[in-house]
1. Report, by residue number, each residue of the range 135-155 that is open to solvent by less than 50 Å² (accessible area, probe 1.4 Å) and either closer than 24 Å to His12 by Cα or basic (Lys, Arg) (or both).
2. Of all residues being surrounded by fewer than 17 Cβ atoms within 10 Å (Cβ to Cβ) and under 18 Å from the mean Cα position of the chain (by Cα) in the range 117-131, which is farthest from Trp151 (Cα to Cα)? Just the residue, please.
3. Just the residues that are open to solvent by 60 Å² or more (accessible area, probe 1.4 Å), modelled with pLDDT of 85 or more and out of contact with any strand residue (DSSP E or B) (no Cβ under 6 Å at 6 or more places or on another chain), please, taken from the range 18-57.
4. Quick one: in the range 58-110, which of the residues that are open to solvent by 40 Å² or more (accessible area, probe 1.4 Å) and of a type in the set (Asp, Glu) is modelled with the lowest pLDDT?
5. Which of the residues belonging to the range 4-56 are among the small types (Gly, Ala, Ser) and under 16 Å from Arg138 (Cα atoms)?
6. Pairs under 8 Å by beta carbon, first residue among the β-branched types (Val, Ile, Thr) in the range 135-163, partner open to solvent by 70 Å² or more (accessible area, probe 1.4 Å) and not in a loop (DSSP other than H, G, I, E, B), six or more apart or different chains?
7. Strands (runs of 3 or more DSSP E) wholly in the range 54-163 with at least 2 residues that are over 25 Å from Val19 (Cα atoms) - which ones?
Amino acid sequence: RETMMGEPQKEHEWLHQLVGERTAEMHCSMGPDQPPSASKGTESVRSLGGLWTLGEGQGEGPEGKPVTSLMTLGFDPAKGRFVGSFVASMMTMMWTYDGTLSADGKSLVLDTEGPSMIGDGAMAKYQDIITFLSPDHRTLTSRALGPDGQWSEFMAAQYHRKR
């Protein structure tokens, strides 16, 4: 039965691994006709009542301009799915997430939809995948589903816990 109140589940504990201060290194490739870019940043993730994580990122965006982002993640026991959102200071779109853990429990695969990168006005399917390599090192990769039905990665980030 659905209720507004909640107690942390094992999925919320999985999300709690994200809490902390980290450095980030990102590599992006926004298309075959554009050069790949690299940038550095920081991330601060806190818990909201043990049920949500709020991750604020600071870094460089296109043309070296500062960018701030906010990622919210939680787990909805009624849906049996991870839920969340992503917004950034250089975009007007709010990305909404619907996700599941990988079979090995190391990765959270977040499905979302947004404007196609080819600029044709159509919507496209994307995935953000958070993978823990160790308690202090994780990755975030972003990929898009192409018209050929194949996923292509366009962003990869490494996050290391600050000491």
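1. Start the filter on the range 135-155 by keeping residues that are open to solvent by less than 50 Å² (accessible area, probe 1.4 Å), which leaves 136-142, 144, 146, 149, 154-155.
Selection gives Asp136, His137, Arg138, Thr139, Leu140, Thr141, Ser142.
2. Here the residue is Thr131.
3. The one that is open to solvent by 60 Å² or more (accessible area, probe 1.4 Å), modelled with pLDDT of 85 or more and out of contact with any strand residue (DSSP E or B) (no Cβ under 6 Å at 6 or more places or on another chain): Gly49.
4. Selected residue: Glu63.
5. First pass over the range 4-56, keeping only residues among the small types (Gly, Ala, Ser): 6, 20, 24, 29, 31, 37-39, 41, 44, 47, 49-50, 55.
Result: Gly20, Ala24, Gly41, Ser44, Gly55.
6. Thr139/Leu133; Thr141/Glu153
7. On the way: elements: 66-76, 81-88, 95-101, 107-115, 123-134, 137-145, 151-161.
It comes to 107-115, 123-134, 137-145, 151-161.
The values are calculated or read from the model by the stated rules, or taken from the named source; none is laboratory data. The model shown is predicted, which means the values in this text are computed figures rather than measured ones. When we count neighbours, we look across all protein chains shown, and the Cβ atoms used for this are built from the backbone with ideal geometry, even at glycine. Side chains included, ligands, DNA and RNA excluded: accessible areas come from the protein's heavy atoms. Shrake-Rupley method; radii C 1.70, N 1.55, O 1.52, S 1.80 Å.
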